[in-house]
Structure formats: structure tokens, C-alpha cells
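Colleague: Mind looking over this structure? Questions follow.
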Amino acid sequence: MSATKPRDDRRAAWWFLAPVLVGFAVFYGYPAARGVWYSLTDYTMLNTPSYVGTENYAKLFADQKFWNSMLVTAWYVVLNIGSQTLLALGIASLMHRLTRSVVLRATLLLPWLVPNVTIGLLWMWLLDTNLGFVNQLLHTFGMDPIGFFTDETWAMPTVAGINTWAYTGYTALLLYAGMLQIPQYLYEGASIDGAGEWRMFRRITLPLLRPVLALVLVVSMIGSFQIFDTIAVTTKGGPVAATQVIYYFIYQQAFKYFHMGYAAAAAICLALILGLLTAIQMRMLRASRSDLA
Amino acid sequence: MNRRSRAGAALLSLAVVAGLAACTSAAEQEPGAAVTLDYWLWDDNQKASYQQCADAFHTANPNITIKISQAAWNEYWQNLTTQIAAGDAPDVWTNQGSYYPQFVSSGQILDIQPFVDADKVDLSQYQGGLADLFTKDGQRFGLPKDWDTMALVYNTEHLKTQGIDAAGLADLTWNPTDGGTFEQAIAKATVDEKGRNGLDPAFDKTKVKVFGFLPEWADGSQGQNGWGNLAASNGFTYLDKNPWGTQYKYDDPKLAQTIDWFKSLSAKGYAPALDKASTLSRDSLLNAGKGAITFAGSWMINSYLGEGAKLKFAFAPLPAGPQGRKTAINGLSDAIWSGTKHKDEAWKWVKFLGSADCQNIVGGNGVVFPAIKSASEKALAAHTGKGRDVKVFVDEAAAPGGTFFVPITEHGNEVSQIVQDAIQAAILGQTDSATSLKKANDQVNALFK
């Protein structure tokens, strides 16, 4: 046995990686490099871009609207990720400990299968102040109507709520899959020792779910930062700038005002911030190590 | 991959390349050959009418074919800009005031003044002032194709049951202090859940069933669907000069007064407050019986009087303010791309679009009011033929001094967002109108430095 030299698979590996690498280079690498270049120019789509150095960035850091949109986005992420993760954890453990019905699991995914624009339109009608079903309900209970999308304090929680509704099922399913990896004997042992469900959840489920939870948090947080379609359909960034999230800001700069260079600079900033947040999260949750090993 | 399949792949790719080459050579133009012009517009309601024009044009010029493409408003401008950036724009496209200045300043629109001079196009045939909107420094960037004005639209049944005389709506007055007879009519049209109207001392403004007036707050920098008209009738002007002004005047107290009056309507319960307003369009709300009166542009005629309307509506002239009755008038034009390979053919098409031959066709279909006065008459007749009374729009357009043009300047879209945000902030009560508008005006004018 020792006579046979282990075959070097590295050359073959490259062949298998090539399709993905080429796709990545063409559809991500090259556009990203172009994006970095545009962020250093005064490109407006109609002119030949010329190099302006860090002018776009200097302007961006002085732009109140940019910082406001960052704050607004952060507020959205807190609302959305907070509610979504808590709800999903609850639903996933219910599925894990109570029922394993496939129909139920499939039903949970339904909102996630509906296109976001449809979801936006659907809720826009349901929550409308004058014609919406929800406000009619409030009215029958003798409450004042709420301008879910037009009241500045309500607008962002409403948008966050809609997306939580849409994505909780999906997140719950991911967490549920993670819970299935936790060995059943741990729960059996714990229940023999007299531990209740809540205690088992805290002492067994949560710690052993940590790597999966970390991954789900990272992925859903990146997704959450990219909130755009629901806002483009419902509030369009209003009232005033209460829901003007960073993606909507970039979209406006790029495709409404045609400030491509400026928008590219904002997009690069966003990418850097997301990278940083991801790194911190991975670190804090020790995502690459599992306690099961 | 063995050798044979490798050779096969090489042959296959060669065949593909050859095929591509064949395609490009087929597309090459021979002089004198048939020309196809790309023409873009965004309004799907108008596509059929312009197809009729294109067919008539093709009959007269058999070697020129017009290919019409239509895309919805937002996509239209994105596609257009992308295509221009890619050097592959349509030969002729429909232009509008807030987007077209950037194409002019980046040199993308052909100056057609030399053509107009050579062919002696009669510019006086158009509705007054429309042709001048598309000129800059002696250059001309399009011929006018249509216009629109504003009027009041109201729910006829509702106003009748509220005892408001339809004839009386023809000469409403307005002022920013007490709202004049316009506010009286709005108050009377407002009904609370107990059936009391807005003038009743017992009127409960927290339980309104039908709002007398529906304001539009997502109305950009122009307020064409509301505040702009009343502010103008109060003596407000947007700009130092229009088109191509560089100094906006949103800090004018006359505008702030107007905004304050709108705010007072909400405070009195005659109109929904912005933070309790619907995100749906005003015509859906009117159709649902939630409102009685609002502003409507002539492009909405077919929505309100057409078969899609669930209730009966009618139009009335705008109220006359301290400076008389003023309606925003806006027009579209057709522009030629400066990079087109077929300048002469494109000019022929634009000239035809701006001629009575085409505009009579469009007018006869009663979709929009064409820019040529006689064709507008045709549109009016077409509407009257269908039993629709839309004379107010034409009368307002013809009234001397009764119209004002919405501003055409650089940075149109940014100005729009800044001013809209400022007005919403004022309406929401974040700051008072004067402060908010002053701040917005400084931001707007800083764009021009």
C-alpha cells in the first residue's frame, strides 16, 4: 500500500471548479471591478467617464441623505431580523418537538414562494387606510384608522412586518433542518432527568444549533440589508424619507438621477459594511465550529 | 474529450461564428434601401393611434417603415438612457419636460431648427407656447405632439344628494385665507358617519365617511395635480424663467400659504391627513365613494368617463384664485437622437408626427388633445360624440393668461424629490411650511451652482 503515491487531484479539481469560477469572474468579479472603477469617476451613463479620485466618497460622507438611509436601513434590519429570527426559532422548535407534518412544513413556505412585488401589492391593499381590510377591522372594533404606509412612525415597522411574514417560513425551515441534526438521545436523556421543554430548548437546542443559527443570521441579515422591492412597490421611500433605505437611495441615484459614479460609491460602501458585519458575526458566533463534534 | 469530438466542437463553433457574421452582413445598409426607424413611446393607450400614423406615413413613404416600441413610464426612461449609453438609441422618441433636459445637455438630441427653417414648418399652428418649450439658445429639440390641462373632477350623485348645484361649480373662487366658495363646496361635500356635512356645527371630523376633497401629496416639484395650480392662482411662479431657468422660488410665501390652506383642510376633516391617507390612487378612492372632489388631468378623461368607472363623474373648471384661474399645461414632443444613421428619414417622421395629418388621426380617437389647435377640436368632437363633456380642458387651455407651463430645467428629478419631501414634511407637521420650503429651495438652487 505504501508504495502507491497518493494521486495528486489538484489539476482535476481545477477542471471541476472552472464552471463556477468562470461564472463568478464574469458575473461577479468583472462587474464588481467595474463598479469600483465607476465609483472613482463622474459617470452619468451619457458621458465618457473621467477619473475624479475620491470626490464621490467625500461627497457621500457629507451627504445627510446617505447617512439617513443607513440609519433607516439599520432600523429595518433590527426590526426585520429580530422579529423574523424569534418567530422562526419558535416555529422551528414547535415543528421539531410537536409535529413533523410535511403538509405543515410546505404551508409555511407558501409566503416565501410568492414574488415580492405581489406581496407588496397584496399588503398595500390589505393595509390601505381607506379601503383596506385591516383598517375596516380596526374600525369595527371602534379604533381609529392607521396609515400603515403613510404615517412616518408606522411605515418602517409595516414594511419590516411584511417581509417578516414573507420570510419567516423559509428561515424556520432552515433552522428546523439544523435541529434535525441534534441527536434525539440528548432530549431523551434530558427528559428522563426531568428537564422541561423550555429548559431543553435553552440547554440543548440553542447551543447545538449555534453554527446553523449563525449561518442563517448572516445570510438573512445580508438579505435584509438588501431590502428594496417591498419599498419600491409600497412606500417609494416615503413619507418624506422614513423608508428611504440604502438600496433605494442607490437606485434613485443611479437610475433616476443617473449619478452612476456616486451610486457606485454608495454601493461599495454598503459592500464594505456588509463584509465587516459578516466577519464580526462569524467571529462572535464561532460559526465554523460545532459543539457536536 | 477525444480528438474527433474536439474537431467537431471546433467546427461547430466555427459554424456559429460564421452564422453571426452572416447576420451582421445582412443588416448592413445599402444606400437607397428601405429604412426602418425605431420610435418609442410610453403610453399604451396611445400606441394604437400612433400605429395608425405610422401606417399612413409608410403609405406615403414606402421606403420608410416605423417600428413602434412601448414601455411603461419608469422602464421607458431607464431603457432609453441605457440604450443611449450603449450607442443604440431609438431614432425618434417621445420626450417629456422633467427628463429631457439631461439629454439636451449631453448632446443626445438633434437640433431640428435647420430642418424647421428649410421646410418652413408653421409653428403657430400649435397651442400657444408649446413649441417654445422645446427650444434652447436658438436650437430646437422637438415638435409638440399634445398637451394636457387640469380640472376638478367630482362625483355627480354625491354632490347632488349633498345639495351642491353642478352649475355653481363652474365659477368657484378660492383664496388661501378662507378657501372661498371652493372650500364651502368641499365642506358641504364632506359627510361624517351620522350623515352631517362639514358645515354642520355637530360635524364629527374624527369619523368622516366621505372626504370632500382628496389631495395628492406625491406630486413632485410641480404640484400639477393640486397645489401647483392653486399656488399659481395665488401669484406664485416656480422659476426666474421657464424653460431653462436656474433659480427656483419655492421660498415664495404665496406657496407656503397655499400649502397651509391644504393643511387646514385636513385639520378640519375635509380631506384625509397625509399620515392617514391612502397609498392607492385618487381615482380608486373616488370610485370607491371615499371622496367627492379632486383635481384631474385631461389624460385621466377616459378613466373617469370611460366604461371602467364604477360611479358617475363630471369635470368642472378649476377655482379662480386671487390672480384668476390658472391651470398647469404640459406638453410632450418627439425628439430625434443625434446619433441616428437616418437623420433625414427621422426628420420626415417627426415632421409628420407634428403635422395635422397625424394629429388629426390621434385627435379623432379622443385619447389625448393634440398640440395642433384644429386637431384638438377634433379630439373634443370625438369626446362629445361619445357623450363626454370635456370642454373645460379646452376652454382652460384657450383662456388668455389662464395657463402656466410646468418648469423645465436641469436636475428635474432631483428637484422633484427634494420639493416633494419638503412639502410632505410640512404637511406632516415636522416643520412649518415656510421653513421647510425655504430649506428645500436652498437645496434646489445649490444644484445649479
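Colleague: I'm told A:Y76 meets every condition in (1) over 25 Å from the mean Cα position of the chain (by Cα); (2) surrounded by 13 or more Cβ atoms within 10 Å (Cβ to Cβ) except one. Can you identify the failing condition by its number?
Modeller: Unmet for A:Y76, out of (1) over 25 Å from the mean Cα position of the chain (by Cα); (2) surrounded by 13 or more Cβ atoms within 10 Å (Cβ to Cβ): (1).
Colleague: Can you work out which of the residues in segment A:30-68 that are assigned to a helix (DSSP H, G or I), in contact with a helix residue (DSSP H, G or I) (Cβ under 7 Å, 6 or more places away or on another chain) and among the aromatic types (F, W, Y) is surrounded by the fewest Cβ atoms within 10 Å (Cβ to Cβ)?
Modeller: Here the answer is A:Y57.
Colleague: Any idea how many residues of segment B:139-172 are free of Cβ contacts under 8 Å to residues at least 40 places away in the same chain and surrounded by 19 or more Cβ atoms within 10 Å (Cβ to Cβ)?
Modeller: The total comes to 2.
Colleague: Further question on the same structure: Filter segment B:260-274 down to residues that are more than 14 Å from chain A (Cβ to nearest Cβ) and in a helix (DSSP H, G or I) and give me whichever is nearest to the chain's Cα centre (by Cα).
Modeller: B:F262
Colleague: For segment A:212-266, what are the residues that are facing chain B (nearest Cβ under 10 Å), outside any helix (DSSP H, G or I) and without any contact (Cβ under 8 Å) to a residue 60 or more places away in the chain?
Modeller: A:K236, A:G237, A:Y257 - these are the residues of segment A:212-266 that are facing chain B (nearest Cβ under 10 Å), outside any helix (DSSP H, G or I) and without any contact (Cβ under 8 Å) to a residue 60 or more places away in the chain.
Colleague: Check off (1) crowded, with 16+ Cβ neighbours inside 10 Å; (2) under 18 Å from B:P101 (Cα atoms) for B:L447 and give me the number that stays unchecked.
Modeller: Unmet for B:L447, out of (1) crowded, with 16+ Cβ neighbours inside 10 Å; (2) under 18 Å from B:P101 (Cα atoms): (1).
Colleague: Quick check on segment B:403-427: of everything there that is touching a Leu at 6+ places or on another chain (Cβ under 9 Å) and surrounded by fewer than 21 Cβ atoms within 10 Å (Cβ to Cβ), which residue is farthest from A:G237 (Cα to Cα)?
Modeller: For segment B:403-427, the residue satisfying everything is B:F405.
Colleague: For segment B:275-385, which helices (runs of 4 or more DSSP H) that fit wholly inside it have 2 or more residues that are under 30 Å from B:L265 (Cα atoms)?
Modeller: In segment B:275-385, the matching helices (runs of 4 or more DSSP H) lie at B:282-287, B:301-305.
Colleague: So, in segment B:191-204, exactly how many residues are charged (D, E, K, R) and either in contact (Cβ under 8 Å) with a residue 40 or more places away in the chain or loosely packed, with under 15 Cβ neighbours inside 10 Å (or both)?
Modeller: The total comes to 4.
Colleague: Any chance you could count how many residues in segment B:101-137 are within 12 Å of chain A (Cβ to nearest Cβ) and within 23 Å of B:Q359 (Cα to Cα)?
Modeller: Selection size over segment B:101-137: 1.
Colleague: Would segment B:205-220 turn up any residue that is of a type in the set (F, W, Y), away from every other protein chain (no Cβ under 14 Å), out of contact with any Asp or Glu (no Cβ under 7 Å at 6 or more places or on another chain) and surrounded by 14 or more Cβ atoms within 10 Å (Cβ to Cβ)?
Modeller: Within segment B:205-220 (the criterion being of a type in the set (F, W, Y), away from every other protein chain (no Cβ under 14 Å), out of contact with any Asp or Glu (no Cβ under 7 Å at 6 or more places or on another chain) and surrounded by 14 or more Cβ atoms within 10 Å (Cβ to Cβ)), the answer is no, since none of the residues qualifies.
Colleague: Which of the residues spanning segment A:92-137 are loosely packed, with under 14 Cβ neighbours inside 10 Å and among the basic types (K, R)?
Modeller: A:R100
Colleague: How about segment A:138-167: which of its residues are within 11 Å of chain B (Cβ to nearest Cβ), crowded, with 21+ Cβ neighbours inside 10 Å and in a helix (DSSP H, G or I)?
Modeller: A:A155, A:T158
Colleague: Also: Evaluate the following for B:L80: is it within 14 Å of another protein chain (Cβ to nearest Cβ), at pLDDT 90 or above and surrounded by 17 or more Cβ atoms within 10 Å (Cβ to Cβ)?
Modeller: yes
Colleague: Hey, another quick one. What tally of residues in segment A:43-68 results from selecting those that are within 11 Å of another protein chain (Cβ to nearest Cβ) and without any contact (Cβ under 8 Å) to a residue 40 or more places away in the chain?
Modeller: Number satisfying all stated conditions: 3.
Colleague: If you take the residues in segment B:275-287 that are within 10 Å of another protein chain (Cβ to nearest Cβ) and of a type in the set (A, V, I, L, M, F, W, C), which one is surrounded by the most Cβ atoms within 10 Å (Cβ to Cβ)?
Modeller: B:A277
Colleague: Need the failing condition index for B:K290 against (1) touching a residue at least 60 places away in the same chain (Cβ under 8 Å); (2) farther than 23 Å from B:T258 by Cβ; (3) more than 14 Å from chain A (Cβ to nearest Cβ), just the number.
Modeller: Here B:K290 meets the rest and fails (3).
Colleague: Just to be sure I understand, how many residues within segment B:233-245 are within 22 Å of the chain's Cα centre (by Cα), in contact (Cβ under 8 Å) with a residue 40 or more places away in the chain and either farther than 19 Å from B:S436 by Cα or in a loop (DSSP other than H, G, I, E, B) (or both)?
Modeller: 7
Colleague: A further question on this structure: Output yes when any residue across segment A:272-293 is more than 21 Å from the chain's Cα centre (by Cα), free of Cβ contacts under 8 Å to residues at least 60 places away in the same chain and away from chain B (no Cβ under 14 Å), and no when none is.
Modeller: Scanning segment A:272-293, I find at least one residue that is more than 21 Å from the chain's Cα centre (by Cα), free of Cβ contacts under 8 Å to residues at least 60 places away in the same chain and away from chain B (no Cβ under 14 Å), so the answer is yes.
Colleague: Among the residues of segment A:73-103, what is the count of those that are of a type outside the set (D, E, K, R), more than 11 Å from A:L173 (Cα to Cα) and in contact with a helix residue (DSSP H, G or I) (Cβ under 7 Å, 6 or more places away or on another chain)?
Modeller: Selection size over segment A:73-103: 11.
Colleague: Which count do you get for residues in segment B:293-326 that are within 14 Å of chain A (Cβ to nearest Cβ) and of a type in the set (K, R)?
Modeller: 1
The values are calculated or read from the model by the stated rules, or taken from the named source; none is laboratory data. What you see is a predicted model, and the numbers here were worked out from it, not measured in a lab. Cβ sites come from the backbone with ideal geometry, for glycine too, and all protein chains shown count toward neighbours.
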